[in-house]
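Note sheet for the following structure.
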Amino acid sequence: MARSQLKAKRKTSGGRYHPARAKKKRELVRPAAMTKLGETKTKKIRIMGGNEKMVTLSIKEVNVTDKKGKTKKTEIVDVIENSANPHLVRRNIITKGAVIETKLGKAKVTSRPGQEGAVSAVLV
């Protein structure tokens with residue numbers, strides 16, 4: 001069954017909402033990119049309006065910003081922590097909010113790698 005961005009079918013109490021209409025193609029969700037740690041690979045996908053979006057499938061470099069606001073490009077060593085799902089750490093999957101080990105130290109990812117062509121982070 002197709003995944004959709006529509007309102008849930010069930011209320012928090014367990015009661016049922018009666019849908020006013022069926023799912024529309026524009027409301028469908030694409031599968032998550034699951035950006036991995038490795039050689040940089042990106043893919044262009046078509047989005048609404050005929051525009052294109054760069055989806056990062058795997059990446060090894062990150063733009064890290066320090067407390068002073070200075071940004072440097074550095075290499076990702078490892079994925080340390082992921083509050084979204086602890087199982088993603090074992091698979092070295094990078095998502096927004098993940099804590100990664102870089103050559104400059106630990107950094108928290110601030111960008112959405114599956115939606116953008118690069119990974120940005122802030123030193124922790």
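The values are calculated or read from the model by the stated rules, or taken from the named source; none is laboratory data. Nothing here was measured: the structure is a model prediction, and the numbers come from that model. Cβ placement follows ideal geometry from the backbone for every residue including glycine, while neighbour counts extend to all protein chains displayed.
Could you check segment 42-75 and list, in sequence order, the residues that are within 19 Å of Ala32 (Cβ to Cβ) and either of a type in the set (Lys, Arg) or touching a residue at least 24 places away in the same chain (Cβ under 8 Å) (or both)?
Just the residues of segment 42-75 that are within 19 Å of Ala32 (Cβ to Cβ), to begin with: 42-48, 52-59.
Thr42, Lys43, Lys44, Arg46, Lys53, Met54, Val55, Thr56, Leu57, Ile59 - these are the residues of segment 42-75 that are within 19 Å of Ala32 (Cβ to Cβ) and either of a type in the set (Lys, Arg) or touching a residue at least 24 places away in the same chain (Cβ under 8 Å) (or both).
Can you tell which of Lys96, Lys53, Lys43 is of a type in the set (D, E, K, R), outside any loop (DSSP other than H, G, I, E, B) and under 22 Å from Ser4 (Cα atoms)? So that I can check it myself, show each step before the final result.
Numbers: Lys96 fails: outside any loop (DSSP other than H, G, I, E, B); Lys43 fails: under 22 Å from Ser4 (Cα atoms).
Of Lys96, Lys53, Lys43, the one residue that is of a type in the set (D, E, K, R), outside any loop (DSSP other than H, G, I, E, B) and under 22 Å from Ser4 (Cα atoms) is Lys53.
Taking the condition in a strand (DSSP E or B), in contact with a Gly (Cβ under 7 Å, 6 or more places away or on another chain) and either of a type in the set (Gly, Ala, Ser) or modelled with pLDDT of 95 or more (or both), does Ser83 pass?
For Ser83, the condition - in a strand (DSSP E or B), in contact with a Gly (Cβ under 7 Å, 6 or more places away or on another chain) and either of a type in the set (Gly, Ala, Ser) or modelled with pLDDT of 95 or more (or both) - is not met.
Report yes if some residue within segment 13-34 is surrounded by 13 or more Cβ atoms within 10 Å (Cβ to Cβ), out of contact with any helix residue (DSSP H, G or I) (no Cβ under 7 Å at 6 or more places or on another chain) and acidic (Asp, Glu); otherwise report no.
no
Here's the yes/no breakdown for (1) at pLDDT 95 or above; (2) within 23 Å of Gln115 (Cβ to Cβ):
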{"residue": "His18", "(1), (2)": "no, no"}
{"residue": "Arg30", "(1), (2)": "no, yes"}
{"residue": "Met34", "(1), (2)": "no, yes"}
{"residue": "Lys53", "(1), (2)": "no, yes"}
{"residue": "Lys70", "(1), (2)": "yes, no"}
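Does Val124 satisfy the criteria of being at pLDDT below 95 and of a type in the set (Val, Ile, Thr)?
yes
Determine whether segment 60-68 contains at least one residue that is in contact with a Lys or Arg (Cβ under 7 Å, 6 or more places away or on another chain) and not in a strand (DSSP E or B).
Within segment 60-68 (the criterion being in contact with a Lys or Arg (Cβ under 7 Å, 6 or more places away or on another chain) and not in a strand (DSSP E or B)), the answer is no, since none of the residues qualifies.
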